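Undergrad: Have a look at the structure that comes next, please.
The values are calculated or read from the model by the stated rules, or taken from the named source; none is laboratory data. Computed from a predicted model, the values in this text were never measured in an experiment. Here the Cβ is made from the backbone with ideal geometry for all residues, glycine too, and neighbour counts use every protein chain on show. Just so you know, the surface numbers come from the protein's heavy atoms only, side chains and all, with ligands and any DNA or RNA stripped out. Shrake-Rupley method; radii C 1.70, N 1.55, O 1.52, S 1.80 Å.
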Amino acid sequence: MTPSPAGRRRIVVIGDVINDVLVKPTEAITPDSDTPAVIRACPGGSAANQAAWMAHLGAETVFAGRVGALDADYHRRELARAGVRAHLAVDPDTGTGSIVIMLARDGERTMFTDRGANLRLRRRDLPDGLLDGAAVLHLTGYTFCEPPLLELALGLLAEARSRELAVTIDPGSAAFLARMPAGEFLRRTEGAAVCFPNRDEAAVLTGERDPITMAARLTRHYGTVVLKLGGEGCVLAVPGQAPVRVPAHPARAVDTTGAGDAFCGAFLSRWLPGRPDPATPGTPGTPASTHDLADAAEFAARIAAGVVTRFGPRPV
């Protein structure tokens, strides 16, 4: 991809911070009794994970979210380790969100979620001038799922568009999307430069099951669609061009937690330098060709393949 002119290259990510508790039984589960397991606690949250990967892979990344008072310093430190400049509002009454993740032997997951302080994130928690100097605003679907957060998300989208910033979206959760009125998420996020659904999320958004069909359908709403298919790689689609499959890199899965987040962060770390500079004339979100995007997708697939071979969703 051709390097862009000098100028704004910063990605601003706003969203969830989570305490992940990973549980992988080492033998068949024994109901009503003890089952030996590997249990690990680590920092997580889809948006925070994505920001960590963007920064680790070289993108200037700013993150904003809300955490509980007991572990605010821990999450600031963990994001800083990856190179993220984090603005974390501290909730004095509600703890940081938590997820218990049950891992099957093939690395697939069942998740039990308490979003905690994430649900209390408000515009006043974000520093003034957060979008100053930014090239991209990145949001996950979790910010669209509850009325107070939806108000925040819509305000940020309006501000980003008024500044002619590119907007990128990861839908985040098929279960949350399914609870929305049909078509609402697409209407809210219409015109985003890139959307990163996984297979289940795309099925909810389109009513289709075939990946090529789903990706093509979603280009009616987004400049680029990167449909994540786990061990089958991804499908790239832009308006007016045939979708293209990009294969996954071979990997033996231990824990698939955060693989999609790593993919998204890695893709954006490569995609951003190839975009027109927002400070120069041009339309943010103008789709590139699938050929130009394939390099970013192949790089992202390689990063995601490395994540699934170990416990934990972060680069460091």
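Undergrad: What are the residue pairs meeting all of these: first residue in the stretch 208-221, first residue over 16 Å from G233 (Cα atoms) and hydrophobic (A, V, I, L, M, F, W, C), second residue open to solvent by less than 50 Å² (accessible area, probe 1.4 Å) and not in a helix (DSSP H, G or I), Cβ atoms under 6 Å, and 6 or more apart or on different chains?
TA: Note: pairs meeting the criteria are A216/A237; A216/P243; L218/V225.
Undergrad: Please specify each residue of the stretch 222-232 satisfying the condition of being free of Cβ contacts under 8 Å to residues at least 60 places away in the same chain and in contact with a Leu (Cβ under 7 Å, 6 or more places away or on another chain).
TA: Result: V225, single match.
Undergrad: Go through the stretch 88-99 and report how many residues are surrounded by fewer than 17 Cβ atoms within 10 Å (Cβ to Cβ) and in contact (Cβ under 8 Å) with a residue 40 or more places away in the chain.
TA: Within the stretch 88-99, residues that are surrounded by fewer than 17 Cβ atoms within 10 Å (Cβ to Cβ) and in contact (Cβ under 8 Å) with a residue 40 or more places away in the chain number 0.
Undergrad: Go through (1) closer than 18 Å to S173 by Cα; (2) modelled with pLDDT of 95 or more; (3) open to solvent by 40 Å² or more (accessible area, probe 1.4 Å) and name the single condition N19 misses.
TA: All conditions pass for N19, except number (3).
Undergrad: Sticking with this one: From the residues in the stretch 16-25 that are in a strand (DSSP E or B) and β-branched (V, I, T), which one is farthest from V100 (Cα to Cα)?
TA: I18
Undergrad: So if I check each of A203, A135, A174, which one is in contact with an Asp or Glu (Cβ under 9 Å, 6 or more places away or on another chain), surrounded by fewer than 20 Cβ atoms within 10 Å (Cβ to Cβ) and touching a residue at least 12 places away in the same chain (Cβ under 8 Å)?
TA: When all the criteria are applied, what remains is A174.
Undergrad: Could we say that V67 is under 28 Å from N198 (Cβ atoms) and β-branched (V, I, T) here?
TA: Judged against the criteria, V67 is a match.
Undergrad: Another question about this same structure. Going by the structure shown, is M102 surrounded by 14 or more Cβ atoms within 10 Å (Cβ to Cβ) and either part of a loop (DSSP other than H, G, I, E, B) or without any contact (Cβ under 8 Å) to a residue 12 or more places away in the chain (or both)?
TA: Against the criterion (surrounded by 14 or more Cβ atoms within 10 Å (Cβ to Cβ) and either part of a loop (DSSP other than H, G, I, E, B) or without any contact (Cβ under 8 Å) to a residue 12 or more places away in the chain (or both)), M102 does not qualify.
Residue-wise test of (1) among the basic types (K, R); (2) over 30 Å from T94 (Cβ atoms); (3) part of a helix (DSSP H, G or I); (4) out of contact with any helix residue (DSSP H, G or I) (no Cβ under 7 Å at 6 or more places or on another chain).
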| position | (1), (2), (3), (4) |
| --- | --- |
| R124 | yes, no, yes, yes |
| D128 | no, no, no, yes |
| L131 | no, no, no, no |
| T143 | no, no, yes, no |
| I169 | no, no, no, no |
| F176 | no, no, yes, no |
| R187 | yes, yes, yes, yes |
| M214 | no, yes, yes, no |
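Undergrad: Another question about this same structure. So how many residues does the stretch 26-83 have that are in a loop (DSSP other than H, G, I, E, B) and surrounded by 24 or more Cβ atoms within 10 Å (Cβ to Cβ)?
TA: Within the stretch 26-83, residues that are in a loop (DSSP other than H, G, I, E, B) and surrounded by 24 or more Cβ atoms within 10 Å (Cβ to Cβ) number 2.
Undergrad: Determine if the stretch 267-280 includes at least one residue that is buried (at least 21 other Cβ atoms within 10 Å of the Cβ), at pLDDT 75 or above and among the small types (G, A, S).
TA: There is at least one residue in the stretch 267-280 that is buried (at least 21 other Cβ atoms within 10 Å of the Cβ), at pLDDT 75 or above and among the small types (G, A, S).
Undergrad: So, one more: Under 9 Å between Cβ atoms, at least 6 apart or on separate chains: pull out the pairs that start in the stretch 57-86 with a residue that is at positive phi and end on any residue that is part of a strand (DSSP E or B) and open to solvent by less than 10 Å² (accessible area, probe 1.4 Å).
TA: Short answer, once both residue conditions are applied: G83/T61.
Undergrad: Can I ask one more? Scan the stretch 194-207 for residues that are more than 14 Å from the chain's Cα centre (by Cα) and in a loop (DSSP other than H, G, I, E, B) and report the count.
TA: Total satisfying the criteria: 1.
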